[in-house]
Structure formats: structure tokens, C-alpha cells
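Only one structure is covered here, and it is reproduced in the block below.
Every read-out reported here was derived from the displayed coordinates using simple, explicitly stated rules and does not represent laboratory data. Because the structure is predicted, anything quoted here is derived from the model rather than measured. We place every Cβ from the backbone using ideal geometry, glycine too, and count neighbours over all the protein chains shown.
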Number of protein chains: 2
Amino acid sequence: MYRIIVSLLLILCPLLIKANDGYKLWLQYLPFENKAVADYYRDYLENITLIGESPTHGVIRKELEIAIDSFLEGKTKSNISSKNINSGLIWIAGTVDLPQNIKASLAERIKEIKEEGYLIKYFQGKIFVTANSDIGLLYGTFALLKNIQTRKSLEDLDILENPKIQLRLLNHWDNLNRTVERGYAGFSIWNWHRLPGHIDQQYIDYARANASIGINGTSVTNVNANALVLTPEYLEKAAALADVFRPYGIKIYLTARFNAPMMLDSLPTADPLDPLVQAWWMKKAKEIYSYIPDFGGFLVKADSEGQPGPHNYGRTQADGANTLADAVKPFGGIVMWRAFVYNEKTPTDRIKQAYDEFKPLDGKFRDNVIVQVKNGPLDFQPREPFHPLFGAMPNTPLMMEFQITKEYLGQETHWVNLSTSWKEILQSDTYAKGHGSTVSKVLDGSLHNYQLTGMAGVSNIGTDRNWTGHHTGQADWYAFGKLAWNPESNIDGITEDWLKMTFTLDPSFVNAAKKIALNSYETLVNYMTPLGLHHIMARSHHWGPGPWVTGGGRDDWTATYYHKASKDSIGFDRTEKGSNAIGQYAQEWNTVWGNPETIPMEYLLWFHRIPWNKKLSTGNTLWDEMALRYQKGVEGARWMQKEWTKLEGKIDQERFDHISSFLNIQVKEAEWWRDACLLYFGQFSKMALPAGVENPKHELQYYLNFKRNFVPGI
Amino acid sequence: MYRIIVSLLLILCPLLIKANDGYKLWLQYLPFENKAVADYYRDYLENITLIGESPTHGVIRKELEIAIDSFLEGKTKSNISSKNINSGLIWIAGTVDLPQNIKASLAERIKEIKEEGYLIKYFQGKIFVTANSDIGLLYGTFALLKNIQTRKSLEDLDILENPKIQLRLLNHWDNLNRTVERGYAGFSIWNWHRLPGHIDQQYIDYARANASIGINGTSVTNVNANALVLTPEYLEKAAALADVFRPYGIKIYLTARFNAPMMLDSLPTADPLDPLVQAWWMKKAKEIYSYIPDFGGFLVKADSEGQPGPHNYGRTQADGANTLADAVKPFGGIVMWRAFVYNEKTPTDRIKQAYDEFKPLDGKFRDNVIVQVKNGPLDFQPREPFHPLFGAMPNTPLMMEFQITKEYLGQETHWVNLSTSWKEILQSDTYAKGHGSTVSKVLDGSLHNYQLTGMAGVSNIGTDRNWTGHHTGQADWYAFGKLAWNPESNIDGITEDWLKMTFTLDPSFVNAAKKIALNSYETLVNYMTPLGLHHIMARSHHWGPGPWVTGGGRDDWTATYYHKASKDSIGFDRTEKGSNAIGQYAQEWNTVWGNPETIPMEYLLWFHRIPWNKKLSTGNTLWDEMALRYQKGVEGARWMQKEWTKLEGKIDQERFDHISSFLNIQVKEAEWWRDACLLYFGQFSKMALPAGVENPKHELQYYLNFKRNFVPGI
């Protein structure tokens, strides 16, 4: 009776939808919405047997307690037994700890469980969560909890999961002074000054969140690296973080500045083939492992954008990577060597340079090196074709680098569902071994039999109370983990699960919000860079449009280098007649993309120069098509805003308002992009805006003069 | 029955003491601890009548809803009537809105209520909260809620409160790039880039917290000022903040860079007597008020530490202040002009310079200027005597500047209850008009009949999840507000209330934690700067000891300038025979402080040079006394740690652990201070450590070499 009254009050009184700052991410463990639901799960939750002892078992127990307390609103006492009690309805136990009869019955399935995998199986009236490792057991526990979070029937459970990719990492571009390069959610969560003395609760919650989505490594410092992080002052601090992360199955990695031997110990050179340099790295590795016995290894950005590297000594990227790899090899460490190498002095089309540099080195890297390749050949633009290195390095493991932080995609205030874009890349066919040779199969190792596999995501995490600036930025973090675990995952399901776990189970909210999310990526591409436009953002901070950016010393950092707009045409000819970047792809793509009549329109100006008045397959001239797509993008943003407005009252007001205000900004900035780009390009086309495209709000000069100080992320 | 079971579970299950990150500050509105307590208050809380309509009334209603929801754990529907309903047990209504019979009965009391004041009166079975202004009503509501938070009996309520000080301000030293000068709680909460489009919930919670303690103004930018904040780009953003703060009775102030006319509009001069400059400020003021109609005014740091000022043009501080004051005067604005003016080229003892500069200007400032004076004549040292300007400017309003952020007091990781120190200053007797002429009476205007009164606190607020880095830093923010409202407030009561509202009502916790808090200040002074030592911290970042700091271009920024340790003696002779800084104080202090036999020992080395082997009144030599006090400080910190450990389980584990880890750091740093200072000074005294003082852990060289990178706050 009491509960019914309370329930009625809950329905009657919107105030009681509690304020929520989003800190709990997708681990809200939302209270059961009615008595029937609560009763159903309570039976299970009140009868859990957890067998085994380890720090990770402690984490499992704690997580169950948090979840139970939250699901049941503190109205039950969690009673997790660590004894072999027959009454347990949920059994969480390593395969070695399972009762013999269960083990025998499940033997066939158990054989399929790999190192980090798990099995969840409803069997003989009980749910068994089992694994070969402690961390597998933790992953299984989170998977079970996710099924409860999404209110699945537990009697159907029969889930066997092994990660398809070994290294599932976040890359933080966090500086030691706590600024975050390309970070838009405040500042770095790593408070180095207070470490190792103070372990912030946020470090623990960070590890929980990552473990819940299968992330098993984190590189905590900027790839534009400061050598200081390799000194005892910082190693002691990094070790304290490693201690926090360890029970959650997360290894710590550090970025290594290539000339660290010179900076830290005044060596005369950082030549990777110099024996003194090699000895330095050996000694440094040994020192690091004395602080962090399970140190993951190094992430290196070399010979790019001012970072020192093997080029400085006439050496190859393989020479550089191998010296570091040899140093960490005795301790089981790896080197992630970034392929993002380009130079303004190389006359080649910038997007060709990584391929030109790395392809000849295929097979020349140590077996504990993995080359980290950005999704596309330029730099995390709203839309790029997949990077041509994928499929082109059969003898060198390649890992993916996605950017979760939205440097070029509206930064923190735009709602853009990144998994849509990632899926597009992962499903791209490299044709390396014929049709079906997807990027996804390169990454999971199946295509080339890679012995090392990996996926990294450049973190969007900062000190903002909701971690990611935009509440929906959490979805990108979540989806990254899910796709790193299995690049074939269904993003519709990922998005739906995330919404349910994060906001509410109310299907009227979930369905509408999912629709907004899944339309958001194409909308953004339309209002920013339709038809294959790229690198037309503002200089330096990259916030807002800047198609007029030109000059300034580095041509490859301008917009005009890429769009090459003239009075006749626009676009970068990358066919055989141009830079022939297209030649880095399989013949199948040459055929399709090489012809402006057959290339999908989203890549048109990436590969071709097209006259303004050229009639496209849509029946529109290029100019009209561009203008209409910009307009469509703006209308898409307005649609997102309108649909969101309808959801007021279905979730807590705090997050609703937060997202609403960001959608207002998004609409304004979509208009800004459209107006600035059309005014700028219109100078060249000299063509009128087609019907249906709104007139710009200001003159071009307004946009050229528009300037804001202290834009974040640099 | 159900409630009893729940209560039992709550007792049995420590897990159910929820994690708490401290974000809610002292506005936790902790749930009633048992049924009897809940029943007692529920009668009142379910029968509230709130009369009137205004944005501030909206704030009152919302705050009541938050409080009721939290006190009663969402188990009641708040039902705040806005009609004149007889059943109301709590009446919140402006004096004009009170029922006639009530108004007549309370007429005598009502007469005493001033602009921001309020009356809470239990009368004829109801509680009346009334005021002459909306903001008075909000203050009264917070006061009523505080009585419920501290579980006071409501039938005794008869409170009439008027603030004793008009301007009660926070000063944020926040830069536009979100770094915070001398900030140790992360970064600035002002996300200028997202303003005005996004109003963060934290801005609202900031306003709530400040209003709850009577703060009515905030200067949001660093006194080391950036002129950009006076441009439309930032005025639009500041206006958005002002809109948030307005219903909470909080005015926004901006720091004005004195040469802004040159920086923003290329004027050839910023000479305050130049008509073009005066016209510029007039126009700028008009522009600011067009964005923010109730803009509070300017806070100015001039001619100090590199800031431009009237000295650059041979003008006085009054000339500078008056030009700005004339500009804001037509709009009701004021100028807060800092007295923290000193120059390394002035040969005088640095601590004398502000007095020398300002005392002759007494009476020469416009009536909308108030001179803002730091508590002591140096710079927020752990202990200083009160600033000699207090009592010395009868014809110029002076306001207090306290530093809530702990630049020199262990920064964020030390627990130091600052109100203890502030009380010491406020109760200091200036003897300006004979005995009893306390600083407090200078500030409240009663001593000199000031028409403007004020108190500013340099904010300790940042992006840390608990706002202030150390959870107990919240107490300093809270106490500052309470002392600004009434400098005579009892700090024992302030501390106790804060503990109850913030953590728990459990008296075993409250009493023990209060004891720690109230002992903490003297403990810190002992391990940092006993016996009147000052300015012996590390250079630049001011973190940790640096008695050896010397040279470097500015003598007045070294330690040796202040302690002047030699093989014979230590201390700064500020008597008549020395710098005669003592001459800036009343004759009564000259007599007491001028004699090393009669001066309280805490000021000994501030005013005197004393031989190392001089026997003090304690029976110890100066050296032994110093060493013993350092030791006592360390032991005090250990005692704090030990006492805190005993409190585990009485509050949530998250905040308990957080404070525990900071106490560990505090103890280590107390030892660091003791060891470093005694080793350094021991070089001069050549005397052995007395019995009871532990040997330093390292050699002096270790401390001299100790260096950490990226220390926060600069």
C-alpha cells in the first residue's frame, strides 16, 4: 500500500524526477519502475553467490552492491555470498570454481571462452556467469547488469562473448598542466599534483566505466608529448593510477617523446640506431617497469607537426619504433606507433604521405609494434574515406585511431552520434583480399592474421560534471568501447542500450532520442562539409567555418589547399590526372571513385574538381546541390531541436535543459556554417542561391571578422 | 512497519550511507533521521504558504521543493500554496503581503527590518517569515531551512536579522582561459566559451549557495585583469551570468584593467585626468549598463605587481579611482579600489607602503569608492597583524579582503579552518577611537560612520566536484559569508552548523570534527610560520617551504628580505630602530608590540630581530622555541589525522576517504615544512635541536633540490 502511494506520488510529481548531472554515465542503474519489475529481479539480486578472491572480485562485489542499492532504491540489503550456497540464483564464478556438475554440463561452451571472454548462461534455474580470468568475470558481471539495466528477461540468457580486438584503448591528449589538446569538456581529470597522495573517486569511476564497456588500456598523456612524464616524479604518479586501474583490467600506457634521451639526460642524439640511445631506452623501460610492473607500453607520435622523430636522424619509422619496442619487449610491453606522419616540406598531397611512408616498411616492425592509423587519410574530418593503409600492410599489425573528442565535428556543443561515422569506416571494403575485406576484418586480425590487434579512441573526457561536455558525448565513449570489443556490433542496439541505461526506459523517449541520434551524423556533414568538402574549418582552434583560411606558412594547414575553389570549379583532383591519391586504394575503388559520375556524392570533391555549373545525378548543378545540402543540414539540426523539445518531462530537467541549450547552439552554428560557406564559395561560383535555401543573416565580411578569444582545446 | 524495517536496514548496512561527492555543499538537506523527527517537521513542511510573485519568489519556491524532497526523501508531495490559506503553518510573505492582523501584531519588530533583513517569528501557532524585499524573504527562507537542517525547535523561532555589512562579495581570480590564479580546486567554473548560449546548472547552484549565506556580489574575473572582459564579446556573456544571479540578489562586478582605453581603443594614454580617458570610461560604463542594468561596478588592482595604474601618469590612487567612479556613478555603480599597492623600487619596508600611499588620501575619494584592504599589511600570510589602514582612514570607506583560497596556507590539501584566523583579525583592536575600536567596527561602518561597507573573500571555488578541493574548504566559503553578514558571528557556531548541514547530525561526529577544525589554524601556523615568521614559502607557486629563497630581481619577493636570518639573530626589526612599521599602529600597540618582552609571541619576529640564544618568556631560547613550535605543528597535524580516523563510518566513505588522503598529505607536508625550515635556519643558529624535536628525514640539500612541475595556481 505504502509503495503504491509512493508510486502514485512519483507519477504525480515531476519534481521527483531527480536532478541528474550525468556523472553516473550509463551506470545509473535506474530504479525498477514498478513493483512487478522489482519483484522479478529482486529474487535474483538477493541471491547472488560470488566465488573467489582477488582485487577484481572485490570490484565485482562492490559493483553489484552499487547496482542493487540503486535498482532497489536502498530498500534491500545486498547479500552476496562468497560460499558455495545452493540457494544462489546468480552464480558468478571462474570456470575453475564452478561446481563439477555444472562445469561438466557446460563444458562445450566453456571451451569457447577465451582470455577476456565470459559466458552467461541460464541453466537449471540459475544464472551462471563464468570466465577463465578475473577480468572476464568482471566483464560478465557488467554484461549481466546491462541485461538488468535494459530489463531483459534473465531466463533467456545464453551469451558467450570474447573480444574481437585485443587492445582497446583510450588515448588522452592531456597535458601535464591539465589542459587537454582538442579537449572540450573542461580540463584533464588527471590531477598530477595531488598524485600519488590523493586517489580521486573519479579515477575509480573512470575505471569502472571503462571496464563496463571492455576498455582495457589507457594512454593518459598527450601524443604531443612532454618527456617529463618519463621521470620518477611522474612515474610515481602514473604508478598510483595504474594501481587504481589494475583490478579493472586496464593497463596504463604513456606517450614517449622521441627525443627524451636528449631532454632528460642530455644525450647528444636521439638517433634510434645509436647504441647509447638504445641503452637509454632499455634502462628507462626497466625503470618504468620498476614502478609499474604491468606497464602497457608506449604510444608515439613522431616526425609530425613538430614532434621529434627518427627522420631527424635519417632513420625510418620502423627504426624508431623498433628501438622503443626492443626496450619494452623483455617486460611484455608494446609500442603503438602512429602513422599520422606528414610534413609541409614533402611536396606530395598531404593525404598520401602516411601511405607513402609506411607501406614500404610493411613487415619491418618488431612483433610488439602496432601501427596506429587514423580512420581516414587526412585528420578526423567530418567525413573521409577510409585510410588507404588499411588492407595495405598485411605484414604489420595496424590498429584504428578514432577521435571520440569532436575536434572537427562541432566540438562539445553539437549532438553527433559518432558511431554512425565509425561504422561507415569499419564496414568499408578495402578489397585487399577481394570483396568483403572490410576495415573491420583488418582490425580484428582475421584478414591478415595479425598477432596484435587494437583500436584506440581519442578521449572526450574532461572535468565537466558529465565527463564529456555534451551529455550525448557519453554515447560516443560508450559506443567506442562496444565497437572496440566487436567492430561488427550493431550501432542501433548500442544507441538504444545507452539511452535506456543513461536516461530512462520509457520507450517514447528512447525511440525518439535514438532517431535524433542516428540522424545526427549525416545532418552535421551536410551543414559542415557536404559533397566531400574537407578541412574548411577555422584555423588553429578549428571551431566554426573557415573556408577562407589561406597562407600562414603551412599550406597543408589551410582550407584553400583542400577545396581549391576557383571561378570555374571546386575540389581536389586526386585522380590519376591529379595527385593520384586514389591510386593508394584498390582497383575496385579506382573504378568507382575515379569517375565523377559513379562516385558516391559524399566523396565527390574529395577526389574530383567539379565545375560549379556541372549537372549532378540529382539533377542539380554542383552549386545548387551544395547549397541545398547546407540548407538540409540546418533543417536537420532544427528538426533535432524540435524533436528534443517534445521530450521534456520524460527525463530529469537538468539533463533535458543542458541538451536543449546545446541544441540551440548547434542550430545557430549550423546556420553559421551554411551562411559562411555559401557566402564564401558564392564569390567563386557567382551563382544565386537556389529556391529553398535561406539568405545568409550577415554579409561575408561579418564571418571573416568573427573572432572569439580563448576558444578551448588548444 | 515498512519504515522501521528500512530504518533497521539503514543501520545494519553501511553501504547505504550513499556516496557523496560534496557538490551539494551545506545544502545537503539531510533526510530526517527518524520517524519522530520527520513527523515533527512534516506538519510544517506540508503546509507552506508563499505569497507574492517575482523571480526571487520562484527561487524560494524551488528551494523549498528541493529541501522538502530531500528532508523527506521524496516521500511527500510538496504543496506550497500561493494563496492566503489559513491552514498554512509556515507563512513566507513580504511585510506588505502579511495579513493585516499579523502585520499589526508584529509592527514593532517589522520596523526593525532593513532592506536585506528578515524576521522569522513563531506566532499564533504559525511561523512567519517576512521581509521588506524579495531578497530578504529569500534570506529568511534559507535561515528557516537552516533551522530545520540543524534540527532546531521551530516553536522557539524569533529571529530578526539585518546584515551588518552592505557589500558581501566573492572575488574570483579567474582568467578568461579558465585558469585560476592561486586557485587550487581545478579550473574556473566560468565557461566563457559556452556563454551566453549555455547556462550551466553549476551557475545556478553557485548562486543558491551564495544566497544561502548572504553573499550579494561577485567579481568574476582576475584582479590581474584582462581588458577583453570589457568588450561586447564578454559583456554579453557576463550579462548572461548576471541574469542567473539576479533572482538570488547577487550583483556581478568586473575587474577593470587600468589601461583598457589604450588596449581596447588605442587611446594614447590612460591618464585618469585626461578628458579623453574620462570620456572613454563614461562611454564604457554606459555600454556595460546597457548589457547589465544592475552592474555592480569595478574592482581594480592598480600600480601593483605589474598592473598599470595612475602612477604611470604621476597621478594618485584617488585620481585613478575617482575617474572610474565618476563613470559608473550615474548608473549606481561603485568602485572597489585595492590598497594592495607596493613597488620594489620604493625603498620602504614593503608592508608600510600601502599605508604610506593611502593614508594621505583619506577623504579624497568619491563617495562611490571603497578601498579594499587585505587583512594584513603583507599578503595573506598564515598569520599577520591586522592591516594598519584599518582605523586610519576615517573619511574613506574601507572594506576587508580576506583570502578564502589558501595560497599560503597549504593550498587545497591542508585542513585549516580560516574563520579562526579571520576572527582574530576582526576582533583586533585598532584603538582608532580608544579601546574597543575593533576592525569589525571599522568594517561595519559604526566606528567612522562609513556610508559604504564591504567585505570581499578571494574565492576558493573551482571545477573540482566538491567546488573547493578540500571538502573543508567549503567551510571557509560558508564562514566567509556568515562573517560578511555579521563580523561578530560566533565561529564555534558557524563551524558546528556547517558540519551538521554538510555531513551528519551525529553529535559524536560533529563534536570531534569541530575540535579538529578549531585547532587546525594554530597547528598550521606552528608548522609553517611560528613566532611571527612570514613569507618563507617557495617562490612563484608558493607551495611548500622556501626560507632560502633569495635574489632574482625583486628583493621583496624573497624570503631572506623578511626573515633576515644571520648567525646571531633572525627577524625583521620594525620598531622605531628598524623600519618603524610599528609606527603605523596606535600608540597602544607601539607599547605592547614594540617591546620584545611584552609582544605576544606570535608576532615576535614580525616586529623584532631576536638573537637565537635569547631566552623567551617560555623559558626556552628562541631557537628551541622555534623548533618546538615546528614540532608541535607536526604533532598537531598528526593529531588531526588520528582524530579523523576515528570518525570512519560516521559519514559517507567517499568524503571520509577524500579527507583522509588529504590529511596524509598534510602530515607529510607539515614534516616537510618543519624539516626544511629547521635545517635551513639551523645553518645560522648552529644550535642543536632540543629534546622532543624529531630529526629531519633528509639533508638540507634534498629540500633545496626538491622541485615539482606544473604546481597549480599560477
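Bins of 10 Å, beginning at zero and ending with the bin holding the largest distance: percent of Cα pairs per bin for region B:544-596, please.
All Cα pairs considered, the percentages come to 23, 39, 30, 8.
Which of the three applies to chain A, rounded, prolate or oblate, going by the alpha-carbon gyration tensor with a ≥ b ≥ c and a/c under 1.5 meaning rounded? Please list the in-between numbers first.
Details: a/c = 1.79, a/b = 1.24, b/c = 1.44.
Because a/c hits 1.5 or more and a/b fails to exceed b/c, chain A counts as oblate.
Kirkwood hydrodynamic radius, region B:167-488, all distinct C-alpha pairs: what's the number in Å?
Over region B:167-488, the inverse of the mean reciprocal pair distance is 19.6 Å.
List the residues, sorted by chain then number, that are 5 or more residues from A:MET455 or on another chain and whose placed amide H is less than 5 Å from its amide H.
A:LEU167, A:ARG168, A:LEU169, A:MET400
Just name one of A:LEU663, A:ALA538, A:ILE159: the one whose Cα is farthest towards the positive end of the charge dipole of the protein assembly as shown (beta-carbon charges, Lys/Arg +1, Asp/Glu -1).
Comparing the listed Cα positions along the dipole, A:ILE159 ranks first.
For region B:268-352, run through the trypsin sites (Lys or Arg not before Pro) and keep only the ones in DSSP coil with at most 10 other Cβ atoms within 10 Å of their Cβ.
B:LYS345
Ranked highest first by the average count of other Cβ atoms within 10 Å around their residues, in what order do B:586-596, B:184-194 fall?
Highest-to-lowest ranking by the protection proxy: B:184-194, B:586-596.
I'm a student and want to see the number: the projected area of the Cα convex hull of region A:517-613, averaged over all directions, in nm².
Directional mean of the projected Cα hull area for region A:517-613 stands at 7.7 nm².
Using a 10 Å cut-off around each Cβ of peptide A:192-200, what is the average number of partner chain Cβ atoms that fall inside? Please report the intermediate quantities before stating the final value.
Details: counts 5, 12, 8, 0, 2, 8, 10, 3, 6.
Per-residue shielding by partner chains comes out at 6.
Once you average over the residues of B:664-672, how many Cβ atoms of partner chains fall within 10 Å of each Cβ? Write down the numbers at each step before the final one.
Working: counts 2, 4, 1, 0, 1, 1, 0, 0, 0.
Mean number of neighbouring Cβ atoms from other chains: 1.
On the principal axes of its Cα set, how long, how wide and how thick is region B:24-161? Give whole Å, largest value first.
Taking max minus min along each principal axis of the Cα atoms, region B:24-161 gives 39, 29, 26 Å.
Using a/c under 1.5 as the rounded threshold, could you call region B:409-471 rounded, prolate or oblate? The axes a ≥ b ≥ c are square roots of the C-alpha gyration tensor eigenvalues, and prolate needs a/b larger than b/c, oblate otherwise. Before the final figure, lay out each step's value.
Working: a/c = 5.21, a/b = 2.17, b/c = 2.40.
Because a/c hits 1.5 or more and a/b fails to exceed b/c, region B:409-471 counts as oblate.
What value, in deg cm²/dmol to 500, does the helix sum -39500 (n - 2.57) over DSSP H runs of n ≥ 4 give at 222 nm once divided by the residues of chain A?
Details: 23 runs with 272 residues, N = 714.
Mean residue ellipticity at 222 nm (helix-derived): -12000 deg cm²/dmol.
For region A:165-297, what log10 I(q)/I(0) values come out of the Debye formula at q = 0.09, 0.13, 0.15 1/Å, with one point per alpha carbon and no solvent?
Taking Cα atoms of region A:165-297 as identical point scatterers yields -0.27, -0.55, -0.73.
In the structure shown, do any of A:LYS614/A:LYS697; A:LYS567/A:LYS697; B:LYS329/B:LYS406; B:LYS24/B:LYS515; A:LYS62/B:LYS642; B:LYS126/B:LYS423 have a Cα-Cα gap over 30 Å, and if so which?
Cα-Cα > 30 Å for B:LYS329/B:LYS406; B:LYS126/B:LYS423; rest within.
Search the structure for amide H atoms under 5 Å from the amide H of A:VAL369, placed 1.01 Å from N in the peptide plane, and list their residues when 5 or more places away or on another chain.
The list, which skips near neighbours in sequence, is A:VAL335.
So which GluC sites (Glu not before Pro) in region B:626-696 pass both tests, a DSSP loop state and at most 15 other Cβ atoms within 10 Å of the Cβ?
Taking region B:626-696 and a limit of 15 other Cβ atoms within 10 Å, the loop GluC sites (Glu not before Pro) found are B:GLU648, B:GLU694.
Excluding same-chain residues fewer than 8 positions from B:LYS237, which aspartates and glutamates have a Cα within less than 16 Å of its Cα?
B:ASP174, B:ASP200, B:GLU287, B:ASP294
Below 20 Å, Cα to Cα, which aspartates and glutamates can A:LYS364 reach? Residues fewer than 8 away in the same chain don't count.
Output for A:LYS364: A:ASP271, A:ASP274, A:ASP303, A:ASP319, A:ASP326, A:ASP356.
If you plug each phi of region B:652-658 into the Karplus form 6.51 cos²θ - 1.76 cosθ + 1.60 with θ = phi - 60°, what whole-Hz ³J(HN,Hα) values come out, in order, with x for Gly and Pro?
Each residue's phi maps through the Karplus curve to give 4, 5, 4, 6, 4, 5, 4 Hz.
Tabulate in residue order the Karplus-calculated ³J(HN,Hα) for region B:660-677, using 6.51 cos²θ - 1.76 cosθ + 1.60 with θ = phi - 60°, rounded to whole Hz; enter x for Gly and Pro.
Once θ is set to phi - 60°, the couplings for region B:660-677 become 4, 5, 5, 5, 4, 5, 4, 5, 4, 6, 5, 5, 4, 4, 4, 5, 5, 5 Hz.
Given the pairs A:LYS564/A:LYS686; B:LYS352/B:LYS564; B:LYS482/B:LYS650, which span a C-alpha to C-alpha distance of over 25 angstrom in this model?
Going by Cα-Cα distance, B:LYS482/B:LYS650 fall outside the 25 Å limit.
For region A:475-566, what does the relative contact order come out to in percent, with C-alpha contacts under 8 Å and a separation of six or more?
Relative CO of region A:475-566 lands at 16 percent.
Give me the one-decimal Kirkwood hydrodynamic radius in Å for the protein assembly as shown, with the sum taken over alpha-carbon pairs.
Its Kirkwood hydrodynamic radius stands at 34.7 Å.
Tell me which GluC sites (Glu not before Pro) from region A:99-141 have a DSSP coil assignment and no more than 15 other beta carbons within 10 Å of their own.
Loop-located and lightly packed - A:GLU112, A:GLU115.
For A:GLY297, enumerate residues with amide H under 5 Å from its amide H, sequence gap 5+ or separate chain, H modeled in the peptide plane.
A:LEU254, A:ILE334
Can you work out ³J(HN,Hα) from phi for every residue in region B:135-141, in order, using Karplus 6.51 cos²θ - 1.76 cosθ + 1.60 and θ = phi - 60°, giving whole Hz and x for Gly and Pro?
5, x, 5, 5, 4, x, 5
What fraction of the DSSP beta bridges in the protein assembly as shown is antiparallel, stated in percent and rounded to the nearest 5?
Given both bridge residues lie in the protein assembly as shown, the antiparallel proportion sits at roughly 30 percent.
Given a cut-off of under 8 Å on Cα pairs at least six residues apart, what relative contact order in percent is computed for chain A? Don't skip to the end; give the middle numbers.
Numbers: 1378 pairs, mean separation 85.0, N = 714.
Answer for chain A is 12 percent.
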